[in-house]
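The structure under discussion appears below in the form of structure tokens.
The values are calculated or read from the model by the stated rules, or taken from the named source; none is laboratory data. These numbers were taken from a predicted model, which means no experiment stands behind them. We place every Cβ from the backbone using ideal geometry, glycine too, and count neighbours over all the protein chains shown. What goes into the accessible areas is simple: the full protein's heavy atoms, side chains included, and nothing from ligands, DNA or RNA. Shrake-Rupley method; radii C 1.70, N 1.55, O 1.52, S 1.80 Å.
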Amino acid sequence: MASVYSRRAFPVSPELITRMRKTYLLVFLAIALSGCGGRQPLQSTSRLTVIPDSALLPAPSRGDLTVADRPSLIGPLDTIQVDVFNVPDLSREMQVDASGRISMPLAGTIDARGKTADELARAIEASLRGRYVRNPEVTVNIKSSVSQVVTIDGQVVEPGLYPVTNQMTLLRAIASAKGFSEFARENDVIILRTVDGRRMAGLYNVDAIRRGAYDDPSVYANDVIVVGDSPQRRLFRNVVSLAPLLAAPLIAVLQ
């Protein structure tokens with residue numbers, strides 16, 4: 001004789017449903033955020049000396065406070081100021097044309113592209129000297145530059161083109177873009193650069209730079225900085241929307 005089984009529905013309380021949801025959510029968070037670890041303690045390396053908390057950090061020397069300037073190169077559409085000593089009629093502010101050249105009375109057309117301000121001044125002097133100007137003394141200053149820029153893209157607050165100064169570094173460039181955005185991955189920052197016609201990329205960990213693990217790299221004109229995206233942060237943002245299901249605060253350490 002076949003047995004007959006009957007199903008019986010058991011009532012489930014709202015409190016049990018809430019506890020089950022909390023458990024599922026916390027397990028989901030544990031799995032999703034398992035790749036996020038805490039910060040490693042800072043240790044001395046061949047490039048870094050860590051001073052214990054009980055010791056004083058030595059003051060910098062005068063040489064430490066002096067940074068050698070990198071030459072700024074003139075490019076198309078830059079604005080320059082040319083002053084010719086004792087010849088005020090030749091002194092003027094001008095814009096480099098799209099082909100990288102300037103035109104001056106007596107000096108004619110001069111290629112300015114890729115020259116420093118001092119190199120262009122010497123080129124103008126040579127041209128004036130050949131046009132019957134005795135012992136010309138020329139000074140060139142770059143008033144504004146649109147050719148010396150760096151591109152900052154990815155997860156920063158304000159992506160865009162930013163002027164490059166002669167002491168621009170990665171941290172300063174990111175600060176120019178108003179810092180990282182909410183979903184930035186600070187250990188996944190790339191600098192793209194063309195060197196001798198070859199495209200190169202460097203991967204940097206900004207958090208490690210901040211901690212002094214290695215030097216803040218210099219940034220040059222035409223560099224492209226790309227700040228990576230953190231899927232863990234996006235996931236955490238989505239999970240936070242479920243926070244009303246939790247009775248306790250939700251704490252996670254994200255990279």
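Descriptive notes on the structure:
- Checklist (1) surrounded by 15 or more Cβ atoms within 10 Å (Cβ to Cβ); (2) at pLDDT 70 or above applied to A252, failing item: (2)
- Subset of region 191-207 that is surrounded by 10 or more Cβ atoms within 10 Å (Cβ to Cβ) and of a type in the set (D, E, K, R) - its residue that is nearest to I152 (Cα to Cα): R193
- Any hit, region 120-140, residues being surrounded by fewer than 17 Cβ atoms within 10 Å (Cβ to Cβ), in contact (Cβ under 8 Å) with a residue 12 or more places away in the chain and in contact with a Ser or Thr (Cβ under 7 Å, 6 or more places away or on another chain): no
- Within region 94-121, restricting attention to residues that are more than 25 Å from Y132 (Cβ to Cβ) and charged (D, E, K, R), the residue that is farthest from the chain's Cα centre (by Cα) is D97.
- Residues in region 189-230 that are in a strand (DSSP E or B), over 18 Å from M168 (Cβ atoms) and of a type in the set (D, E, K, R): R198, R199, D229.
- The set of residues from region 166-185 being closer than 16 Å to Q148 by Cα and in contact (Cβ under 8 Å) with a residue 60 or more places away in the chain comprises N166, Q167.
- Residues that are over 28 Å from L161 (Cα atoms) and in a strand (DSSP E or B), drawn from region 111-149: V138, T139
- Test result for A173, buried (at least 19 other Cβ atoms within 10 Å of the Cβ), within 26 Å of the chain's Cα centre (by Cα) and assigned to a helix (DSSP H, G or I): yes
- Yes/no for A117 being loosely packed, with under 12 Cβ neighbours inside 10 Å and under 27 Å from A68 (Cβ atoms): no
- Failed item, numbered, when I110 is tested on (1) more than 25 Å from A68 (Cβ to Cβ); (2) open to solvent by 40 Å² or more (accessible area, probe 1.4 Å); (3) not basic (K, R): (2)
- Region 64-92, residues that are without any contact (Cβ under 8 Å) to a residue 40 or more places away in the chain and farther than 25 Å from R113 by Cβ: D64, L65, T66, P88, D89
- Test: residue in region 136-145 that is under 30 Å from A201 (Cβ atoms) and basic (K, R): no
- Residue in region 68-91 that is most open to solvent (accessible area, probe 1.4 Å), counting only those that are of a type in the set (S, T, N, Q) and farther than 11 Å from I102 by Cα: N86
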